[in-house]
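The values are calculated or read from the model by the stated rules, or taken from the named source; none is laboratory data. Note that the coordinates shown come from a computational prediction; the quantities given were computed from them, not determined experimentally. For neighbour counting, all protein chains shown are included, and Cβ atoms are generated from backbone atoms with ideal geometry for every residue, glycine included.
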Amino acid sequence: MTEKKNYAGIDYFRLIAAMLIVAIHTSPLASFSDIGDFMFTRIIARVAVPFFFMASGFFLISRYTYNAERLCAFIKKTAVIYGVAILIYIPINIYNDYFKTDNLLPNIIKDIVFDGTLYHLWYLPASIMGAVIAWYLVKKAGCRIAFLITFALYIIGLFGDSYYGISESVSCINGFYNLIFQVSDYTRNGIFFAPIFFVFGGYISDNQNRPALKKSVTGFILCFALMFGEALVLHHLNLQRHDSMYVFLLPSVYFLFNILLHIKGKSHKELRRVSLIVYIIHPFMIVAVRLFAKLLHLENLFIENSLIHYISVCFTSVVFGIIITVLRRRLKPEQAKHMIAAERAYLEIDLSNLKHNVGVLKKAMPNNCELMAVVKAEAYGHGAYEIATHINKIGVKAFAVATIDEGIRLRNYGITGEILILGYTAPERAKELYKYDLMQTLIDYDYSILLNNQGYKVKAHIKIDTGMHRLGFDKENAESIAAVFSLKNIKVCGMFTHLCAADSTDEKDVCFTDIQIESFYKLLKTLKEKGIAIPKIHIQSSYGFLNYPELNCDYIRAGVALYGVLSSPNDKTKLQLDLRPVLSLKSRVILLRQIKKGDCVGYSRSFVAERDSRIAILSIGYADGYPRILSCGKSYVLMGGHRAPVVGKICMDLLAVDVTDCPDVTVGSIATLIGKDGREEISAPMVAENSESITNELLSRMGRR
Ligand SMILES: *Cc1c(COP(=O)(O)O)cnc(C)c1O
């Protein structure tokens with residue numbers, strides 16, 4: 001259901017970063033220039049590991065995750081890789097007399113938890129620790145607080161790393177660092193170093209308003225230059241205990257990552273795998289290259305020349321990575337395609353159209369008016385999680401739902417900003433309104449009193465009935481409305497009314513609507529005269545806005561327009577906006593059959609073929625939200641850009657279409673029930689009208705199936 005974006009730039013850079021890590025461990029320029037080697041391996045190459053952390057954070061950390069599934073999967077995967085790597089390197093550890101050290105057990109524990117059982121393996125436990133810390137901080141406290149905390153950790157880390165010379169000279173601080181160094185050889189670890197990069201990654205993925213390419217490149221060049229200066233000064237002053245952590249490393253990697261995000265294209269899973277293998281295996285290749293050189297007496301070429309040494313290690317590691325990846329593919333063919341084929345019926349949500357609609361609506365709205373996205377009923381069947389998180393990321397900060405449970409769910413998804421419950425909430429649930437910071441609609445005076453008496457401070461919007469006669473205070477009842485403002489536990493944040501005929505351009509309806517609007521403003525005036533400070537106000541839903549755009553309120557409650565459709569296909573609105581449908585409904589052919597003239601199809605034999613026909617059975621039915629009333633030729637689906645009429649009665653989970661006139665239909669072919677296929681399009685309002693309903697009902701009934 002998600003918009004597939006492929007981050008080719010990140011995948012390509014993974015391989016480069018892996019080479020940089022090999023450089024750190026082989027010092028390619030050592031035999032030519034000391035300072036050159038320092039610049040290459042201790043400054044330039046230092047972006048590699050933070051980049052990997054950030055990439056993991058980008059795909060893993062988000063305010064919007066609502067269970068720890070992905071985190072657990074990441075921990076498990078990393079732990080398995082770490083376990084395998086530990087085993088692989090036992091021979092080298094034996095060769096290095098690792099198992100002969102004193103205090104073996106405490107050392108092993110320390111190495112497994114922080115330092116890695118071979119020098120480069122620290123990265124894996126640090127990934128796990130950094131991910132866990134960042135995940136919980138971002139989820140519980142949001143990106144900003146998480147950034148502040150992990151930044152503080154990073155500062156502590158800095159003074160045990162590149163800036164150690166400063167803290168070393170202050171004795172009480174030095175004691176603190178000595179304590180740290182008993183547990184972990186460096187502060188460049190999973191607590192002080194990794195978390196902030198994970199948080200950054202999460203922040204970048206949550207915040208869709210990213211810096212443009214030009215800004216990212218400028219930012220990177222500037223910060224990278226500053227980091228160079230910083231590192232050289234520290235090096236010159238001899239302050240460094242270790243040289244992984246610089247202040248300007250943070251913005252440098254941030255901008256670098258943003259640059260890479262601009263490089264779009266096919267994502268390369270293989271590249272990811274090869275770079276991981278290069279990272280894991282290169283110390284082995286260092287040993288192998290040395291052994292090979294000794295055996296052939298080519299030491300001065302392959303060992304003494306540091307650049308050739310580096311290139312040979314990279315080359316052998318990459319070749320090894322490619323061989324393993326190819327072997328793996330032979331043994332384990334991709335399964336993704338089968339998974340897609342297994343979907344019987346599905347909704348496709350076009351998030352770029354959603355973003356487009358948000359932009360179009362915002363542009364058409366008055367300046368100080370805010371978009372309140374109505375996401376009740378699973379965002380009109382589109383999926384509340386997908387829709388709400390996406391528009392929250394692009395800056396929508398007000399939401400409306402129908403029930404308290406929908407509101408709580410949004411909070412659990414990580415949605416920030418205001419959430420207004422448009423419907424009734426039992427007063428006994430006031431505590432939850434308070435706890436989840438939800439705003440409740442006050443539907444009349446008695447209800448307001450009950451809610452107030454629960455003893456929890458509750459934010460609320462007063463609803464005014466201006467003629468719909470559904471929910472709300474009577475517009476004439478200024479006394480009781482004014483009284484609500486002085487209730488101790490109710491904080492009135494807004495006042496609104498709902499128009500009941502705003503979709504109509506019929507003269508009488510317009511007249512009625514004008515009276516509704518007028519009486520709302522008249523009430524506001526009366527309240528103002530009573531000395532009440534008027535809170536934020538709102539009147540318009542989608543049609544209210546499209547037909548009465550001249551009103552100037554604080555919010556527009558947009559539902560159906562946000563999803564890019566009208567309620568009925570032939571509605572004419574005063575304001576014509578370029579809104580694009582977000583949802584498509586698709587299904588698959590699971591069976592094809594040839595029938596003879598006179599054969600019937602489906603329940604109650606309601607379809608009898610007038611010619612020899614080819615019938616396709618689709619795995620979708622009315623339990624999936626496709627209305628049964630569309631049976632027997634009342635609608636059609638699109639197959640390869642051709643229309644295929646629905647024949648017979650629609651069943652609960654299946655339906656039949658006539659594909660005699662559609663070429664190239666096979667088992668597995670996709671049928672579009674709502675959406676575009678080639679030059680043909682079936683819009684949701686058309687389907688809704690055919691089923692004697694409106695788009696709102698049709699979409700909100702799309703089941704969870
Ligand atoms: C559902 C609802 C909306 C949104 O209506 P659309 O026509 O889909 O924009 C607005 N206000 C109230 C009170 C609602 O119940």
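Couple of notes before you dig in:
- Of Gly564, Gly544, all but one fail to be under 22 Å from Val360 (Cα atoms) and either outside any loop (DSSP other than H, G, I, E, B) or over 34 Å from the mean Cα position of the chain (by Cα) (or both); the exception is Gly544.
- Flag if Lys110 is modelled with pLDDT under 95 and under 39 Å from the mean Cα position of the chain (by Cα): yes
- Note on segment 493-503: residues that are surrounded by fewer than 22 Cβ atoms within 10 Å (Cβ to Cβ) and within 13 Å of the ligand (Cβ to nearest atom) total 2.
- A single entry from Leu226, Leu222 fulfils the requirement of being more than 18 Å from Met245 (Cβ to Cβ) and assigned to a helix (DSSP H, G or I): Leu222.
- In summary, Asp185 fulfils each of the numbered conditions (1) in contact with a Ser or Thr (Cβ under 8 Å, 6 or more places away or on another chain); (2) in a loop (DSSP other than H, G, I, E, B) with the single exception of condition (1).
- Residue pairs whose Cβ atoms lie under 6 Å apart, sitting 6 or more positions apart in sequence or on different chains, and linking a residue in segment 597-616 that is touching a residue at least 12 places away in the same chain (Cβ under 8 Å) to a partner that is surrounded by fewer than 17 Cβ atoms within 10 Å (Cβ to Cβ) and of a type in the set (Asp, Glu), are Lys597/Asp612; Ala609/Asp599.
- Top-ranked residue of segment 372-394 - restricted to ones that are of a type in the set (A, V, I, L, M), more than 17 Å from Glu348 (Cβ to Cβ) and within 11 Å of the ligand (Cβ to nearest atom), ranked as surrounded by the fewest Cβ atoms within 10 Å (Cβ to Cβ): Ala377
- Restricting segment 413-465 to residues that are within 16 Å of the ligand (Cβ to nearest atom) and of a type in the set (Asp, Glu), the residue that is farthest from Ala483 (Cα to Cα): Glu418
- Residue match in segment 481-492 (condition: buried (at least 16 other Cβ atoms within 10 Å of the Cβ) and among the small types (Gly, Ala, Ser)): no
- Count - residues of segment 518-541 that are within 15 Å of the ligand (Cβ to nearest atom) and in a loop (DSSP other than H, G, I, E, B): 3
- Matching residues in segment 558-576 - criterion: being within 13 Å of the ligand (Cβ to nearest atom) and out of contact with any strand residue (DSSP E or B) (no Cβ under 9 Å at 6 or more places or on another chain): Ala561, Leu566, Ser567, Ser568, Asp571, Thr573
- Residues of segment 523-563 that are within 22 Å of Lys355 (Cα to Cα) and among the basic types (Lys, Arg): Arg557 alone.
- Cβ-Cβ under 8 Å pairs, at least 6 apart or on other chains, segment 284-297 side of a type in the set (Val, Ile, Thr), far side not in a helix (DSSP H, G or I): Val289/Ile303
- All positions within segment 580-601 that are surrounded by 14 or more Cβ atoms within 10 Å (Cβ to Cβ) and out of contact with any Leu (no Cβ under 8 Å at 6 or more places or on another chain): Arg580, Pro581, Leu592, Ile595, Asp599, Cys600, Val601
- Strands (runs of 3 or more DSSP E) within segment 629-705 that include 2 or more residues in contact (Cβ under 8 Å) with a residue 60 or more places away in the chain and either farther than 15 Å from Val589 by Cα or of a type in the set (Val, Ile, Thr) (or both): 670-677
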